[in-house]
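*Asks:* Attaching a single structure in C-alpha cells format; questions to follow.
The values are calculated or read from the model by the stated rules, or taken from the named source; none is laboratory data. All figures in this text were calculated on a predicted structure; none of them were measured in a lab. Don't worry about glycine lacking a Cβ; one is built from the backbone with ideal geometry, like all the others, and counts go over all protein chains shown. Keep in mind that these areas ignore ligands, DNA and RNA; they rest on the heavy atoms of the full protein, side chains included. Shrake-Rupley method; radii C 1.70, N 1.55, O 1.52, S 1.80 Å.
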Amino acid sequence: EEEEAKLQNGGFLPCPAGGVPSGTALEEPLRSCRLRCEAERRGGAAAESPSPPRSPGGDAGSRALAVPCARTCRDRAEPAALLPAPLGFTDVNLNSRNTYEVSRRRSAPEHLPHGGTAPAEPAPPPQEPAERARHRVGIAGAGSSFAEFFTRNFFTKRTKELKPAVQSAPGWKLFGKVPPRENLPKDSKIIQQEYEARTGRMYKPPPPSARRKNIEFEPLSTTALILEDRPANLPAKSVEEALRHRQEYDEMVAEAKKREIKEAHKRKKIMRERFKQEENIASAMVIWVNEILPNWEGMRATRRVRELWWQGLPPSVRGKVWSLAVGNELNITPELYEIFLSRAKERWKSFSETSTENDIEDAGASVADREASLELIKLDISRTFPSLYIFQKGGPYHDLLHSVLGAYTCYRPDVGYVQGMSFIAAVLILNLEEADAFIAFANLLNKPCQLAFFRVDHSMMLKYFAAFEVFFEENLPKLFLHFKSYSLTPDIYLIDWIFTLYSKSLPLDLACRVWDVFCRDGEEFLFRTGLGILRLYEDILLQMDFIHIAQFLTKLPEDITSEKLFSCIAAIQMQNSNKKWAQVFASLMKDNKEGDKNHSPAPKS
C-alpha cells in the first residue's frame, strides 16, 4: 500500500491530512532526502532500460524531479509555516527542515485521472484556490526576507547613486570626459549655406590648377600644410587666399633652402680648415722631430722656430717641447719624485689611521695646514676638467693626479697645495709621463710670477697688476676708462686666469696653444693673453656694468676660437714709451724699493 501510495504521489509518501506533528518535523529532512535519491535512481534506471507500464503517478513523479531546486526549496516552507513552531525552535528552523517536504508535495499533481494509463498530452495544472494562493505568496515573502537576511554582507556597502549628467560648457576639460555634443556635426553644404547667408557673399571654388600638385621641395615639417584645403566642415578657401598661401609657402621654402645652403657651406668650411690644420700639423711634426729637437739649443731662438711655435705645437711633440722650454733648474730626478711620493703615501696612511701630531710636525707643517691641503687635493681633483671624466674618482688619471699633487706638497711644504694647481698638473699629465710631469710642474711653479701668486705674496701680486694696467691703458683706453668708472680692478678676473694658466677659463685645445707660446715667451704672454681676451670682447664689455663684467670674465663663452683669439693677441703691443714688459715691471719694482726706503725710519745716532 505504501508503494502504491508513493506511485500515486510521484514516488513520495503522502502527507497526513492533519499536518505534520511537531515530533516528526525534525526527521523529515533526512527522510525526504533519502526518498528523493531513491526516486532519482529509479528515474535513471527507467531511462536506460524499457520498463513495464506504470501508473500515472510515476510520470508525474519524474516530471516533478525536473523542477529546479530553488523553486523546491522555496515552496517547501508552505506546510511548515502553517504548523505551530515547536518549543525552543523558531520559524527559521521549521522553514529549513520542512523545505524538501513542501517541494515534494508541490511537485506532485493534486488531481490525477483514475485510469491505468497516462493521457497522451499532459493536462494543464488545475487552478489553485484563491485563499491558498494568497497564503503561498505570504510564505514566499517571509522566506525571501529570511534569505535576504542571511545572504547579505555583514558590512553594508554604500551604493553609488547615479547622478544626472550635468552638461558643462563647451571646451577642453583637464580631468574627466568631455560630455557628448547634443547636435550632430553639420554637413559641409549646410555650413556653406549658413556662411553665405551670414556674409552675403557667394563662394566660387578655385580652379583645379590652383591646387597643390607635384611640389618639388617637400620640407620635413608642417610647412606644406598651408597649401592643403580646409576640412569639409569649414568654409573653403577663396582664390585670392589660395594664391597668397602659395606665395607664403614659396617664401618659406626659399628661406629654408638658403638656411640649409648656408649651414652646408659653413660645415664645408670647418672641414676644410680642419683638414688644412691637420696637414700643417703633420708637416710641422716632421720639422720638429727631424730638425728642431735634435738641434734644440741652436735653433730655439731662430725666427723660423718662433713662427712655427706661434702656430701651435703638434700634439705628438708638445710635451717634449714644454719640458725643454721650462727646463729643470731644480735638478729633480725621477728617483727624487719616487722618494717624495712614498713619503706622501706614508703621510696619507698615517692620517687615515692614527693622524699623530708628531709625524706631521716633522714634515714642517702644522696638523691643520696638512689636513687642509689633503682635503683640498681631494676636492679639487673631483672638480678638475669634469667634462672629461678622467680625473674624477674611478677615472684613469685620478690616482696619477693625486700622486703628483701629493708629492709636491711634500716637496714644497712652504707652498703646500693651493686651489688651481690641479688644472696645471692635469694639463701636464695629459702631455707627459708621470715623473716628467712632476719635474715640469715643480719647475713651472718655481717661476717668479707663479711663485708670487701661489705663495700669495700681495706686494708682488700688486706689482704684476700695476704692470698689466699700464699696457691695458696703452692698448684699450676706452675699455680701461670704462673699468675705472666701475672701480673694476684686475685682481677680480686676473687671479683665476693666472692661477690656472687659462686651462680652466678657455677650452682645453685653446689653452694648450696658449701654453705653447707661454713656454716660449714666459710670464709676459700670460698678461698679453688677458689683454687679447679683453680686446676680443671689448664691444660687449663696454655695454655691461660691474656685476655683468665680472660674471662674463669669470666664465668666458665656450665658442671662442683660436684664430680669433690669437689675432687679437697679435694686435696687442707690449711696449709702453719704448719700454717692454720686463722694463716696465723692473721700474715698478725699483719705485717700490725707493718708496720703502723713504718710509723707513731713520737710523738712531
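*Asks:* Do we find that ASP539 is open to solvent by 20 Å² or more (accessible area, probe 1.4 Å), over 22 Å from MET421 (Cβ atoms), free of Cβ contacts under 8 Å to residues at least 60 places away in the same chain and not polar (S, T, N, Q) in this structure?
*Replies:* yes
*Asks:* Any idea which of (1) under 19 Å from ALA452 (Cβ atoms); (2) open to solvent by less than 10 Å² (accessible area, probe 1.4 Å); (3) not hydroxyl-bearing (Ser, Thr, Tyr) is the one GLY532 doesn't satisfy?
*Replies:* (1)
*Asks:* Regarding ALA437, is this residue assigned by the TED database to the domain that holds GLY416 and either of a type outside the set (Lys, Arg) or more than 44 Å from the chain's Cα centre (by Cα) (or both)?
*Replies:* Criteria met by ALA437.
*Asks:* Okay, next question. Quick check, is ALA466 outside the structural domain of PHE385 (by the TED database), surrounded by fewer than 16 Cβ atoms within 10 Å (Cβ to Cβ), over 40 Å from the mean Cα position of the chain (by Cα) and part of a helix (DSSP H, G or I)?
*Replies:* It is true that ALA466 is outside the structural domain of PHE385 (by the TED database), surrounded by fewer than 16 Cβ atoms within 10 Å (Cβ to Cβ), over 40 Å from the mean Cα position of the chain (by Cα) and part of a helix (DSSP H, G or I).
*Asks:* Any residue in region 256-271 that is under 30 Å from ALA440 (Cα atoms), in contact (Cβ under 8 Å) with a residue 12 or more places away in the chain and not hydrophobic (A, V, I, L, M, F, W, C)?
*Replies:* no
*Asks:* Next up: Hey, can you tell me all the residues within region 435-449 that are surrounded by fewer than 19 Cβ atoms within 10 Å (Cβ to Cβ) and either touching a helix residue (DSSP H, G or I) at 6+ places or on another chain (Cβ under 8 Å) or more than 27 Å from THR409 (Cβ to Cβ) (or both)? Full working, then the answer.
*Replies:* Looking only at region 435-449, we keep the residues that are surrounded by fewer than 19 Cβ atoms within 10 Å (Cβ to Cβ), and these are 435, 443, 446-449.
Matches in region 435-449: ALA435, ASN443, LYS447, PRO448, CYS449.
*Asks:* Could you tell me which residue of region 246-300 is nearest to the chain's Cα centre (by Cα), considering only residues that are among the β-branched types (Val, Ile, Thr) and under 30 Å from GLY522 (Cβ atoms)?
*Replies:* Residue satisfying both the conditions and the ranking: ILE281.
*Asks:* If you check LEU501 against the conditions, is it outside the structural domain of ALA425 (by the TED database) and more than 37 Å from the chain's Cα centre (by Cα)?
*Replies:* It is false that LEU501 is outside the structural domain of ALA425 (by the TED database) and more than 37 Å from the chain's Cα centre (by Cα).
*Asks:* Which members of region 417-450 meet the condition of being in a helix (DSSP H, G or I) and β-branched (Val, Ile, Thr)? I'd like the intermediate steps shown before the answer.
*Replies:* Step one: filter region 417-450 for residues in a helix (DSSP H, G or I), giving 421-431, 434-444, 448-450.
Correct list: ILE424, VAL427, ILE429, ILE439.
*Asks:* For region 370-391, enumerate the residues that are open to solvent by less than 50 Å² (accessible area, probe 1.4 Å) and modelled with pLDDT of 85 or more.
*Replies:* Matches in region 370-391: ILE377, ASP380, ILE381, THR384, PHE385, ILE390, PHE391.
*Asks:* Then there's this: What tally of residues in region 470-494 results from selecting those that are over 43 Å from the mean Cα position of the chain (by Cα) and in a loop (DSSP other than H, G, I, E, B)?
*Replies:* Number of matching residues: 2.
*Asks:* Being under 30 Å from ILE549 (Cβ atoms) and not assigned by the TED database to the domain that holds PHE527, is that true of even one residue in region 469-481?
*Replies:* There is no residue in region 469-481 that is under 30 Å from ILE549 (Cβ atoms) and not assigned by the TED database to the domain that holds PHE527.
*Asks:* Also, I was wondering about something else. Mind counting the residues in region 500-517 that are open to solvent by less than 30 Å² (accessible area, probe 1.4 Å) and not hydroxyl-bearing (Ser, Thr, Tyr)?
*Replies:* Qualifying residue count for the region: 9.
*Asks:* Could you tell me which numbered condition ASN578 fails, if it satisfies all but one of (1) outside any loop (DSSP other than H, G, I, E, B); (2) farther than 21 Å from ILE498 by Cα; (3) open to solvent by 90 Å² or more (accessible area, probe 1.4 Å)?
*Replies:* Condition not satisfied by ASN578: (1).
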